[in-house]
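Here's the structure, in C-alpha coordinates; my notes come after.
The values are calculated or read from the model by the stated rules, or taken from the named source; none is laboratory data. For clarity, every value in this text was computed on a predicted model and none was experimentally measured. Virtual Cβ from ideal backbone geometry, glycine too; neighbours counted across all protein chains shown.
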Amino acid sequence: MKYTGGVVAAAAVAAAGYGVYEATKPPPTAPEVTVTATPATLTGAPPVTLRAISVEGPRFSKVLSTMGAKYTKGVRPNVTLEVEGVPWSAYYDKFTLELTTQGGHYDIIQMDYVRLPCHAPYDQLYNLTDLIYNPDPNIGIANPEDFGPQWKSYEYEGKLYGVPVDTSCGSGFYRKDLVEKENVPIPNTWDELYKYAKEVTKEVKPGVMQYGFAGGWLRGTFLDMFWTGISRSYGVESLDENMKPHYSGPESVKCLKFMGKLQEVAPPGLLDMAESDVYDLLGNVGNVVFDPLECSNPGVTDPATSKMWQQIGGMLVPGGPKGLRTPALGGLGLVIPQSAPHKEEAWDFIRWIADPSNKYDYVDATGQPGRISWLSDPKNIEKRPYFEYFGKNLAAAVPWSPPLKEFSQIQEMRSIEQANFLTGLKSAETAMKDLDQQITALLEKAGYYAKGTKRWWSEWNENPPDYAHTEPYTSVY
(Lines give C-alpha, C1' and ligand atoms only; values in the text may rest on other atoms or scores of the structure.)
Protein backbone atom coordinates (compact mmCIF):
# COMPACT_ATOMS: atom_id res chain seq x y z
CA MET A 1 0.00 0.00 0.00
CA LYS A 2 1.61 3.26 -1.11
CA TYR A 3 1.37 6.48 0.86
CA THR A 4 -0.89 8.78 -1.10
CA GLY A 5 -1.24 11.64 1.27
CA GLY A 6 -3.17 12.42 4.17
CA VAL A 7 -2.62 12.16 7.71
CA VAL A 8 -3.84 12.81 10.97
CA ALA A 9 -2.89 13.00 14.28
CA ALA A 10 -4.27 12.25 17.26
CA ALA A 11 -4.75 12.29 20.64
CA ALA A 12 -4.96 10.59 23.52
CA VAL A 13 -6.65 8.89 26.09
CA ALA A 14 -5.96 7.26 29.17
CA ALA A 15 -6.69 6.47 32.62
CA ALA A 16 -4.86 4.90 35.33
CA GLY A 17 -5.57 1.87 37.27
CA TYR A 18 -4.20 -1.52 37.08
CA GLY A 19 -5.25 -4.97 36.15
CA VAL A 20 -3.97 -8.26 34.96
CA TYR A 21 -3.43 -8.33 31.25
CA GLU A 22 -2.02 -11.27 29.42
CA ALA A 23 -2.74 -12.10 25.82
CA THR A 24 -3.06 -15.78 25.14
CA LYS A 25 -3.29 -16.03 21.43
CA PRO A 26 -1.42 -14.08 18.73
CA PRO A 27 -3.75 -12.43 16.20
CA PRO A 28 -3.27 -12.79 12.46
CA THR A 29 -0.36 -10.83 11.06
CA ALA A 30 -1.44 -7.62 9.34
CA PRO A 31 -0.03 -6.75 5.92
CA GLU A 32 3.12 -4.62 5.81
CA VAL A 33 2.79 -0.95 5.02
CA THR A 34 5.06 0.82 2.57
CA VAL A 35 5.60 4.51 3.24
CA THR A 36 6.98 6.77 0.55
CA ALA A 37 8.28 10.32 0.82
CA THR A 38 5.62 13.00 0.51
CA PRO A 39 5.68 16.75 -0.03
CA ALA A 40 5.32 19.02 2.99
CA THR A 41 1.76 19.94 2.03
CA LEU A 42 -0.77 17.94 0.07
CA THR A 43 -3.87 19.30 -1.59
CA GLY A 44 -6.62 17.32 -3.19
CA ALA A 45 -5.80 14.21 -1.14
CA PRO A 46 -8.74 12.12 0.06
CA PRO A 47 -10.00 12.97 3.57
CA VAL A 48 -8.63 10.91 6.43
CA THR A 49 -9.69 10.78 10.06
CA LEU A 50 -7.06 9.69 12.56
CA ARG A 51 -8.05 8.64 16.05
CA ALA A 52 -5.70 8.66 19.01
CA ILE A 53 -6.00 7.80 22.68
CA SER A 54 -4.02 9.43 25.47
CA VAL A 55 -4.24 10.60 29.06
CA GLU A 56 -6.57 13.50 29.63
CA GLY A 57 -5.14 16.97 30.24
CA PRO A 58 -1.84 18.90 30.01
CA ARG A 59 1.24 17.07 28.72
CA PHE A 60 -0.89 14.39 27.08
CA SER A 61 -4.18 14.91 25.20
CA LYS A 62 -3.81 18.69 25.28
CA VAL A 63 -0.46 18.43 23.50
CA LEU A 64 -1.70 16.03 20.85
CA SER A 65 -4.80 18.11 20.23
CA THR A 66 -2.87 21.37 19.92
CA MET A 67 -0.11 19.92 17.77
CA GLY A 68 -2.66 17.99 15.72
CA ALA A 69 -4.46 21.22 14.85
CA LYS A 70 -1.15 22.73 13.71
CA TYR A 71 -0.40 19.63 11.64
CA THR A 72 -3.81 19.70 9.99
CA LYS A 73 -3.65 23.40 9.22
CA GLY A 74 -0.10 23.61 7.94
CA VAL A 75 0.89 20.14 6.78
CA ARG A 76 -2.07 17.86 5.94
CA PRO A 77 -5.21 19.89 5.25
CA ASN A 78 -7.13 16.75 4.32
CA VAL A 79 -6.77 15.34 7.80
CA THR A 80 -9.41 15.39 10.52
CA LEU A 81 -7.98 15.06 14.00
CA GLU A 82 -9.94 13.30 16.72
CA VAL A 83 -8.41 13.46 20.18
CA GLU A 84 -9.76 11.31 22.96
CA GLY A 85 -8.55 12.20 26.43
CA VAL A 86 -9.18 9.56 29.06
CA PRO A 87 -8.74 9.98 32.83
CA TRP A 88 -5.89 8.08 34.47
CA SER A 89 -8.39 5.80 36.18
CA ALA A 90 -9.43 4.26 32.86
CA TYR A 91 -6.31 4.71 30.76
CA TYR A 92 -4.65 1.29 31.00
CA ASP A 93 -7.88 -0.65 30.83
CA LYS A 94 -8.99 1.15 27.68
CA PHE A 95 -5.87 0.88 25.56
CA THR A 96 -5.21 -2.68 26.74
CA LEU A 97 -8.68 -3.74 25.60
CA GLU A 98 -8.05 -2.09 22.21
CA LEU A 99 -4.76 -3.92 21.73
CA THR A 100 -5.73 -7.36 23.01
CA THR A 101 -8.96 -7.46 20.99
CA GLN A 102 -7.34 -5.88 17.89
CA GLY A 103 -10.28 -3.49 17.82
CA GLY A 104 -9.05 -1.32 14.96
CA HIS A 105 -10.56 1.84 16.45
CA TYR A 106 -7.37 3.80 17.16
CA ASP A 107 -4.49 4.73 14.88
CA ILE A 108 -2.22 6.04 17.64
CA ILE A 109 -1.91 5.11 21.30
CA GLN A 110 0.13 7.04 23.83
CA MET A 111 1.62 4.21 25.87
CA ASP A 112 4.29 3.93 28.52
CA TYR A 113 7.22 1.68 27.69
CA VAL A 114 6.71 -0.66 30.65
CA ARG A 115 3.67 -2.11 28.84
CA LEU A 116 5.68 -3.08 25.78
CA PRO A 117 6.36 -6.70 26.89
CA CYS A 118 2.63 -7.17 27.44
CA HIS A 119 1.83 -6.50 23.77
CA ALA A 120 4.85 -6.74 21.45
CA PRO A 121 5.23 -10.55 21.77
CA TYR A 122 1.66 -11.03 20.58
CA ASP A 123 1.91 -8.96 17.39
CA GLN A 124 -0.38 -6.30 18.80
CA LEU A 125 1.96 -3.39 18.00
CA TYR A 126 3.30 -2.27 14.64
CA ASN A 127 7.07 -2.62 14.15
CA LEU A 128 8.46 0.88 13.48
CA THR A 129 12.16 0.02 13.16
CA ASP A 130 12.54 0.47 9.40
CA LEU A 131 10.50 3.66 9.43
CA ILE A 132 12.43 5.19 12.32
CA TYR A 133 15.83 4.60 10.73
CA ASN A 134 14.80 5.42 7.16
CA PRO A 135 17.37 7.99 5.87
CA ASP A 136 14.72 9.92 3.95
CA PRO A 137 13.92 12.97 6.16
CA ASN A 138 10.27 12.77 5.05
CA ILE A 139 10.02 9.28 6.53
CA GLY A 140 12.62 8.65 9.24
CA ILE A 141 13.10 10.19 12.69
CA ALA A 142 15.73 12.94 12.78
CA ASN A 143 18.55 12.33 15.29
CA PRO A 144 16.82 9.60 17.35
CA GLU A 145 19.71 9.48 19.85
CA ASP A 146 18.57 12.91 21.06
CA PHE A 147 15.80 11.11 22.98
CA GLY A 148 18.36 10.02 25.57
CA PRO A 149 17.66 7.23 28.09
CA GLN A 150 14.16 6.52 26.83
CA TRP A 151 15.09 5.78 23.25
CA LYS A 152 15.83 2.09 23.67
CA SER A 153 13.05 1.61 26.21
CA TYR A 154 10.64 1.03 23.30
CA GLU A 155 12.77 -1.80 21.94
CA TYR A 156 11.68 -5.43 22.26
CA GLU A 157 13.82 -8.25 20.88
CA GLY A 158 15.69 -5.87 18.60
CA LYS A 159 12.61 -4.12 17.21
CA LEU A 160 11.41 -0.59 17.99
CA TYR A 161 7.70 -0.11 18.58
CA GLY A 162 7.40 3.48 19.81
CA VAL A 163 8.80 6.99 19.69
CA PRO A 164 9.22 8.64 23.14
CA VAL A 165 8.00 12.12 22.20
CA ASP A 166 6.96 12.47 25.85
CA THR A 167 9.26 11.58 28.70
CA SER A 168 9.05 11.51 32.44
CA CYS A 169 10.83 10.41 35.55
CA GLY A 170 10.43 11.00 39.22
CA SER A 171 11.23 14.64 39.87
CA GLY A 172 10.95 16.98 42.84
CA PHE A 173 8.97 20.17 43.45
CA TYR A 174 8.58 22.54 46.37
CA ARG A 175 6.87 25.79 47.28
CA LYS A 176 9.54 28.49 47.23
CA ASP A 177 7.56 30.93 49.34
CA LEU A 178 6.74 28.38 52.04
CA VAL A 179 10.32 27.11 52.25
CA GLU A 180 11.49 30.71 52.73
CA LYS A 181 8.76 31.45 55.25
CA GLU A 182 9.48 28.32 57.30
CA ASN A 183 13.26 28.78 56.94
CA VAL A 184 13.94 25.14 56.03
CA PRO A 185 16.53 23.94 53.48
CA ILE A 186 15.89 21.81 50.43
CA PRO A 187 16.33 18.19 51.59
CA ASN A 188 19.21 16.19 50.16
CA THR A 189 18.20 12.79 51.59
CA TRP A 190 14.95 11.07 52.45
CA ASP A 191 15.66 11.32 56.19
CA GLU A 192 16.14 15.08 55.78
CA LEU A 193 12.90 15.27 53.80
CA TYR A 194 10.93 13.70 56.64
CA LYS A 195 12.65 15.86 59.24
CA TYR A 196 11.89 19.13 57.44
CA ALA A 197 8.40 18.02 56.43
CA LYS A 198 7.60 17.27 60.06
CA GLU A 199 8.80 20.74 61.09
CA VAL A 200 6.45 22.52 58.68
CA THR A 201 3.37 20.30 59.11
CA LYS A 202 1.05 22.29 61.35
CA GLU A 203 -2.20 24.18 61.66
CA VAL A 204 -1.50 27.59 60.11
CA LYS A 205 -4.83 29.05 61.17
CA PRO A 206 -7.93 27.62 62.81
CA GLY A 207 -9.10 24.64 60.80
CA VAL A 208 -6.44 25.05 58.08
CA MET A 209 -3.53 22.61 57.89
CA GLN A 210 -0.19 22.95 56.11
CA TYR A 211 1.53 19.69 55.16
CA GLY A 212 5.21 19.05 54.63
CA PHE A 213 4.83 16.25 52.11
CA ALA A 214 2.52 15.01 49.37
CA GLY A 215 2.93 12.49 46.59
CA GLY A 216 0.82 10.78 43.96
CA TRP A 217 0.24 7.46 45.70
CA LEU A 218 -2.89 6.40 43.85
CA ARG A 219 -3.01 2.64 44.22
CA GLY A 220 -1.61 1.08 41.08
CA THR A 221 0.82 2.76 38.70
CA PHE A 222 1.42 5.91 40.77
CA LEU A 223 2.12 4.13 44.05
CA ASP A 224 4.37 1.62 42.30
CA MET A 225 6.39 4.34 40.53
CA PHE A 226 6.97 6.12 43.84
CA TRP A 227 7.96 2.80 45.39
CA THR A 228 10.53 2.15 42.67
CA GLY A 229 11.99 5.63 42.98
CA ILE A 230 12.48 5.43 46.74
CA SER A 231 13.17 1.71 47.22
CA ARG A 232 16.08 1.65 44.76
CA SER A 233 17.71 4.35 46.91
CA TYR A 234 17.49 1.82 49.74
CA GLY A 235 19.25 -0.77 47.54
CA VAL A 236 16.11 -2.81 46.70
CA GLU A 237 15.96 -4.60 43.34
CA SER A 238 12.83 -5.90 41.60
CA LEU A 239 14.38 -9.33 41.04
CA ASP A 240 17.84 -10.75 41.64
CA GLU A 241 19.99 -12.31 38.92
CA ASN A 242 18.15 -15.62 39.36
CA MET A 243 14.76 -13.91 38.89
CA LYS A 244 13.89 -14.20 42.59
CA PRO A 245 12.24 -11.38 44.57
CA HIS A 246 13.59 -10.31 47.97
CA TYR A 247 11.04 -7.79 49.16
CA SER A 248 10.97 -9.44 52.58
CA GLY A 249 14.60 -8.39 53.06
CA PRO A 250 15.50 -5.78 55.68
CA GLU A 251 16.07 -2.83 53.31
CA SER A 252 12.72 -3.29 51.58
CA VAL A 253 10.86 -3.53 54.89
CA LYS A 254 12.65 -0.42 56.19
CA CYS A 255 11.70 1.48 53.05
CA LEU A 256 8.03 0.54 53.34
CA LYS A 257 7.99 1.57 57.00
CA PHE A 258 9.54 4.90 56.03
CA MET A 259 6.71 5.44 53.55
CA GLY A 260 4.38 4.88 56.49
CA LYS A 261 6.17 7.70 58.32
CA LEU A 262 5.62 10.01 55.36
CA GLN A 263 1.88 9.58 55.79
CA GLU A 264 2.20 11.37 59.14
CA VAL A 265 3.19 14.62 57.37
CA ALA A 266 0.86 14.32 54.37
CA PRO A 267 -2.75 15.32 53.73
CA PRO A 268 -5.44 12.66 54.16
CA GLY A 269 -6.27 10.41 51.22
CA LEU A 270 -2.72 9.96 49.91
CA LEU A 271 -3.55 6.55 48.43
CA ASP A 272 -6.28 8.12 46.30
CA MET A 273 -4.13 10.92 44.84
CA ALA A 274 -2.83 10.99 41.27
CA GLU A 275 -0.16 13.47 40.20
CA SER A 276 -2.79 16.01 39.13
CA ASP A 277 -4.27 16.01 42.65
CA VAL A 278 -0.89 16.73 44.20
CA TYR A 279 -0.17 19.49 41.71
CA ASP A 280 -3.49 21.06 42.61
CA LEU A 281 -2.47 21.09 46.29
CA LEU A 282 0.87 22.66 45.38
CA GLY A 283 -0.26 25.23 42.84
CA ASN A 284 -3.86 26.07 43.72
CA VAL A 285 -4.77 25.06 47.28
CA GLY A 286 -1.25 25.97 48.37
CA ASN A 287 -1.04 23.85 51.52
CA VAL A 288 1.85 21.49 50.62
CA VAL A 289 5.55 22.36 50.97
CA PHE A 290 7.44 19.42 49.40
CA ASP A 291 6.53 17.02 46.59
CA PRO A 292 9.93 15.30 46.32
CA LEU A 293 9.19 12.42 43.95
CA GLU A 294 6.46 12.88 41.37
CA CYS A 295 5.84 12.04 37.73
CA SER A 296 6.80 15.38 36.21
CA ASN A 297 4.07 17.35 34.49
CA PRO A 298 4.21 20.94 33.20
CA GLY A 299 0.72 21.59 34.53
CA VAL A 300 2.15 22.55 37.92
CA THR A 301 4.07 25.46 36.36
CA ASP A 302 1.48 26.40 33.74
CA PRO A 303 -0.32 29.69 34.55
CA ALA A 304 -3.47 28.26 32.98
CA THR A 305 -3.69 25.45 35.55
CA SER A 306 -1.63 26.65 38.51
CA LYS A 307 -2.45 29.92 40.30
CA MET A 308 0.81 29.83 42.26
CA TRP A 309 3.01 28.64 39.40
CA GLN A 310 5.65 31.30 40.05
CA GLN A 311 6.19 29.87 43.53
CA ILE A 312 6.91 26.32 42.32
CA GLY A 313 10.58 25.37 42.44
CA GLY A 314 12.34 22.28 41.11
CA MET A 315 14.62 20.02 43.16
CA LEU A 316 16.66 16.86 42.84
CA VAL A 317 14.97 13.71 44.12
CA PRO A 318 16.36 12.95 47.60
CA GLY A 319 19.04 10.29 48.00
CA GLY A 320 18.50 7.19 50.10
CA PRO A 321 20.61 5.09 52.48
CA LYS A 322 22.43 3.49 49.53
CA GLY A 323 23.86 6.91 48.66
CA LEU A 324 22.02 7.36 45.36
CA ARG A 325 19.18 9.39 43.92
CA THR A 326 17.08 6.87 41.98
CA PRO A 327 14.03 8.43 40.30
CA ALA A 328 12.18 5.91 38.13
CA LEU A 329 12.15 6.44 34.36
CA GLY A 330 8.71 6.90 32.85
CA GLY A 331 7.06 8.65 29.92
CA LEU A 332 4.35 7.99 27.36
CA GLY A 333 5.57 7.48 23.82
CA LEU A 334 3.48 7.05 20.69
CA VAL A 335 2.80 3.58 19.28
CA ILE A 336 0.70 2.30 16.39
CA PRO A 337 -1.59 -0.70 16.95
CA GLN A 338 -1.18 -3.57 14.52
CA SER A 339 -4.91 -3.19 13.84
CA ALA A 340 -4.72 0.57 13.11
CA PRO A 341 -6.74 1.42 9.98
CA HIS A 342 -4.36 4.21 8.88
CA LYS A 343 -0.83 3.09 9.71
CA GLU A 344 1.04 5.19 7.16
CA GLU A 345 -0.87 8.35 8.06
CA ALA A 346 -0.38 7.69 11.76
CA TRP A 347 3.35 7.27 11.22
CA ASP A 348 3.61 10.54 9.32
CA PHE A 349 2.10 12.40 12.26
CA ILE A 350 4.43 10.72 14.74
CA ARG A 351 7.43 11.55 12.55
CA TRP A 352 6.25 15.14 12.25
CA ILE A 353 5.54 15.79 15.93
CA ALA A 354 9.00 14.45 16.82
CA ASP A 355 10.74 16.72 14.29
CA PRO A 356 13.22 19.24 15.78
CA SER A 357 11.30 22.09 14.12
CA ASN A 358 8.56 21.63 16.74
CA LYS A 359 10.77 22.07 19.82
CA TYR A 360 9.11 25.32 20.94
CA ASP A 361 5.53 24.66 19.86
CA TYR A 362 5.54 21.29 21.64
CA VAL A 363 6.52 22.92 24.93
CA ASP A 364 4.05 25.79 24.42
CA ALA A 365 1.33 23.15 24.10
CA THR A 366 2.22 21.97 27.68
CA GLY A 367 4.43 19.16 26.39
CA GLN A 368 7.22 17.53 28.38
CA PRO A 369 9.52 16.51 25.55
CA GLY A 370 11.57 13.38 25.25
CA ARG A 371 14.31 15.09 23.26
CA ILE A 372 17.19 16.14 25.51
CA SER A 373 17.98 19.15 23.31
CA TRP A 374 14.42 20.43 23.75
CA LEU A 375 14.61 20.11 27.54
CA SER A 376 17.96 21.91 27.71
CA ASP A 377 17.08 24.68 25.25
CA PRO A 378 17.35 28.05 27.07
CA LYS A 379 14.06 29.33 25.62
CA ASN A 380 12.22 26.24 26.85
CA ILE A 381 13.84 26.50 30.28
CA GLU A 382 12.70 30.11 30.44
CA LYS A 383 9.13 28.94 29.78
CA ARG A 384 9.39 25.92 32.10
CA PRO A 385 12.11 26.59 34.71
CA TYR A 386 11.61 23.13 36.23
CA PHE A 387 13.04 21.61 33.01
CA GLU A 388 16.50 22.33 34.43
CA TYR A 389 15.97 20.02 37.41
CA PHE A 390 13.79 17.62 35.49
CA GLY A 391 16.62 17.09 33.01
CA LYS A 392 19.03 16.39 35.86
CA ASN A 393 16.68 13.88 37.46
CA LEU A 394 16.17 12.27 34.06
CA ALA A 395 19.92 11.72 33.66
CA ALA A 396 19.97 9.99 37.08
CA ALA A 397 16.86 7.85 36.46
CA VAL A 398 16.79 4.08 36.88
CA PRO A 399 14.63 1.62 34.90
CA TRP A 400 11.17 1.43 36.39
CA SER A 401 10.16 -2.12 35.64
CA PRO A 402 11.46 -5.55 34.78
CA PRO A 403 10.90 -6.02 31.01
CA LEU A 404 8.55 -8.97 31.48
CA LYS A 405 5.09 -9.57 30.08
CA GLU A 406 4.09 -10.28 33.68
CA PHE A 407 4.97 -6.75 34.74
CA SER A 408 1.38 -5.61 35.11
CA GLN A 409 0.71 -8.47 37.52
CA ILE A 410 3.90 -7.71 39.45
CA GLN A 411 2.95 -4.04 39.64
CA GLU A 412 -0.51 -4.94 40.89
CA MET A 413 0.89 -7.29 43.53
CA ARG A 414 3.41 -4.72 44.75
CA SER A 415 0.82 -1.98 44.94
CA ILE A 416 -1.71 -4.12 46.81
CA GLU A 417 0.78 -5.27 49.43
CA GLN A 418 2.20 -1.77 49.90
CA ALA A 419 -1.35 -0.50 50.41
CA ASN A 420 -2.08 -3.36 52.81
CA PHE A 421 0.64 -2.02 55.08
CA LEU A 422 -0.08 1.67 54.52
CA THR A 423 -3.75 1.18 55.42
CA GLY A 424 -2.94 -0.94 58.49
CA LEU A 425 -4.23 -4.26 57.17
CA LYS A 426 -0.85 -5.97 57.49
CA SER A 427 2.52 -5.38 59.10
CA ALA A 428 5.33 -4.38 56.76
CA GLU A 429 7.02 -7.72 57.35
CA THR A 430 3.90 -9.74 56.52
CA ALA A 431 3.05 -7.65 53.47
CA MET A 432 6.53 -8.03 51.98
CA LYS A 433 6.70 -11.75 52.79
CA ASP A 434 3.36 -12.28 51.06
CA LEU A 435 4.60 -10.23 48.10
CA ASP A 436 7.66 -12.46 47.69
CA GLN A 437 5.47 -15.55 47.69
CA GLN A 438 3.05 -14.14 45.12
CA ILE A 439 5.74 -12.99 42.67
CA THR A 440 7.65 -16.26 43.04
CA ALA A 441 4.49 -18.26 42.27
CA LEU A 442 3.75 -16.06 39.25
CA LEU A 443 7.22 -16.44 37.73
CA GLU A 444 7.34 -20.15 38.54
CA LYS A 445 4.06 -20.68 36.70
CA ALA A 446 5.45 -18.71 33.75
CA GLY A 447 8.37 -21.16 33.53
CA TYR A 448 11.30 -18.87 34.30
CA TYR A 449 12.71 -21.09 37.04
CA ALA A 450 12.24 -24.35 35.18
CA LYS A 451 14.19 -22.85 32.27
CA GLY A 452 16.91 -21.52 34.55
CA THR A 453 16.35 -17.99 33.20
CA LYS A 454 18.81 -15.37 34.41
CA ARG A 455 18.02 -11.68 34.69
CA TRP A 456 19.12 -10.10 31.41
CA TRP A 457 18.60 -6.44 32.29
CA SER A 458 20.15 -4.03 34.73
CA GLU A 459 18.16 -2.58 37.61
CA TRP A 460 20.45 0.43 37.80
CA ASN A 461 21.60 3.47 35.88
CA GLU A 462 24.94 2.27 34.53
CA ASN A 463 26.38 5.81 34.21
CA PRO A 464 24.79 8.03 36.84
CA PRO A 465 25.97 11.66 36.93
CA ASP A 466 28.10 12.80 39.85
CA TYR A 467 25.22 14.64 41.49
CA ALA A 468 23.22 11.39 41.66
CA HIS A 469 25.55 10.27 44.43
CA THR A 470 24.84 11.29 48.03
CA GLU A 471 26.48 10.20 51.26
CA PRO A 472 25.30 6.73 52.32
CA TYR A 473 23.57 6.72 55.69
CA THR A 474 21.63 4.57 58.09
CA SER A 475 18.07 5.81 58.37
CA VAL A 476 16.97 6.77 61.86
CA TYR A 477 13.30 6.28 60.96
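From the set of residues in segment 141-173 that are small (G, A, S) and at pLDDT 95 or above, which is surrounded by the fewest Cβ atoms within 10 Å (Cβ to Cβ)? Lay out the reasoning, then the answer.
Keep residues of segment 141-173 that are small (G, A, S), which gives 142, 148, 153, 158, 162, 168, 170-172.
Narrowing further to those that are at pLDDT 95 or above: 162, 172.
Details: G162: 30, G172: 25.
Across segment 141-173, the extreme among qualifying residues is G172.
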Review point. Across segment 113-137, which residue is modelled with the lowest pLDDT among those that are farther than 11 Å from L160 by Cα and not in a helix (DSSP H, G or I)?
Key: P137
**Study point:** Members of segment 330-375 that are among the polar types (S, T, N, Q) and either assigned to a loop (DSSP other than H, G, I, E, B) or modelled with pLDDT under 95 (or both)
**Key:** Q338, S339, T366, Q368, S373
Point to revise | Tally of residues being under 21 Å from the mean Cα position of the chain (by Cα) and polar (S, T, N, Q) across segment 220-259 | key: 5
Check your understanding: If you check V278, V317, which single one turns out to be in a loop (DSSP other than H, G, I, E, B), within 18 Å of the chain's Cα centre (by Cα) and in contact (Cβ under 8 Å) with a residue 12 or more places away in the chain?
Key -> V317
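May I ask you to say which residue of K244, K261, K254, K322 is at pLDDT 95 or above, surrounded by fewer than 21 Cβ atoms within 10 Å (Cβ to Cβ) and touching a Ser or Thr at 6+ places or on another chain (Cβ under 6 Å)?
Values: K244 fails: touching a Ser or Thr at 6+ places or on another chain (Cβ under 6 Å); K261 fails: touching a Ser or Thr at 6+ places or on another chain (Cβ under 6 Å); K254 fails: touching a Ser or Thr at 6+ places or on another chain (Cβ under 6 Å).
Checking each option against the conditions leaves just K322.
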Exercise for review: Take segment 174-197 and flag every residue that is surrounded by fewer than 19 Cβ atoms within 10 Å (Cβ to Cβ), in contact (Cβ under 8 Å) with a residue 24 or more places away in the chain and over 25 Å from the mean Cα position of the chain (by Cα).
Suggested key: K176, D177, E182, E192
Review point. Can you name the number of the only condition in (1) over 21 Å from E155 (Cβ atoms); (2) small (G, A, S); (3) in contact with a strand residue (DSSP E or B) (Cβ under 8 Å, 6 or more places away or on another chain) that A120 fails?
Key: (1)
Review point. Take the residues of segment 361-420 that are under 29 Å from E237 (Cα atoms) and charged (D, E, K, R): which is surrounded by the fewest Cβ atoms within 10 Å (Cβ to Cβ)?
Key: E388
Check your understanding: Only one residue in E412, E417 is closer than 30 Å to N188 by Cα and acidic (D, E). Which one?
Key -> E417
Study note, to complete from the structure: Residues of segment 398-445 being under 17 Å from V253 (Cα atoms), assigned to a helix (DSSP H, G or I) and of a type in the set (A, V, I, L, M, F, W, C), in sequence order, are M413, I416, A419, F421, L422, A428, A431, M432, L435, I439
Check your understanding: Do the conditions hold for K307, that is, is it assigned to a loop (DSSP other than H, G, I, E, B) and either without any contact (Cβ under 8 Å) to a residue 40 or more places away in the chain or touching a His at 6+ places or on another chain (Cβ under 6 Å) (or both)?
Key -> yes
Exercise for review: Please specify each residue of segment 233-271 satisfying the condition of being touching an Asp or Glu at 6+ places or on another chain (Cβ under 7 Å), in contact (Cβ under 8 Å) with a residue 40 or more places away in the chain and over 14 Å from Y477 (Cβ atoms).
Suggested key: G235, E237, S238, P245, H246, Y247, S248
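Look through V63, V83 and report the one residue that is in a strand (DSSP E or B), touching a residue at least 60 places away in the same chain (Cβ under 8 Å) and on the phi < 0 side of the Ramachandran plot. Lay out the reasoning, then the answer.
Working: V63 fails: in a strand (DSSP E or B).
Sole residue among the options that is in a strand (DSSP E or B), touching a residue at least 60 places away in the same chain (Cβ under 8 Å) and on the phi < 0 side of the Ramachandran plot: V83.
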Check your understanding: Would you say L99 is in a helix (DSSP H, G or I), more than 19 Å from the chain's Cα centre (by Cα) and within 17 Å of G162 (Cα to Cα)?
Key -> yes
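Does G140 satisfy the condition of being touching a strand residue (DSSP E or B) at 6+ places or on another chain (Cβ under 9 Å), over 26 Å from C169 (Cα atoms) and either assigned by TED's automatic domain parsing to the domain that holds S54 or part of a helix (DSSP H, G or I) (or both)? Don't jump to the end; show me each part of the working.
Working: touching a strand residue (DSSP E or B) at 6+ places or on another chain (Cβ under 9 Å): no; over 26 Å from C169 (Cα atoms): yes; either assigned by TED's automatic domain parsing to the domain that holds S54 or part of a helix (DSSP H, G or I) (or both): yes.
Criteria not met by G140.
If I go through segment 280-319 residue by residue, how many of them are of a type in the set (D, E, K, R) and crowded, with 21+ Cβ neighbours inside 10 Å? Step through it out loud before you land on a result.
Pass one, segment 280-319, residues of a type in the set (D, E, K, R): 280, 291, 294, 302, 307.
Keeping just the survivors that are crowded, with 21+ Cβ neighbours inside 10 Å gives 291, 294.
Number satisfying all stated conditions: 2.
Looking only at residues in segment 205-219 that are surrounded by fewer than 24 Cβ atoms within 10 Å (Cβ to Cβ) and either of a type in the set (A, V, I, L, M, F, W, C) or more than 17 Å from G260 (Cβ to Cβ) (or both), which one is nearest to the chain's Cα centre (by Cα)?
To start, the set of residues in segment 205-219 that are surrounded by fewer than 24 Cβ atoms within 10 Å (Cβ to Cβ) comprises 205-211, 219.
Keeping just the survivors that are either of a type in the set (A, V, I, L, M, F, W, C) or more than 17 Å from G260 (Cβ to Cβ) (or both) gives 205-210.
Working: K205: 37, P206: 38, G207: 36, V208: 33, M209: 30, Q210: 28 Å.
Top of the filtered list is Q210.
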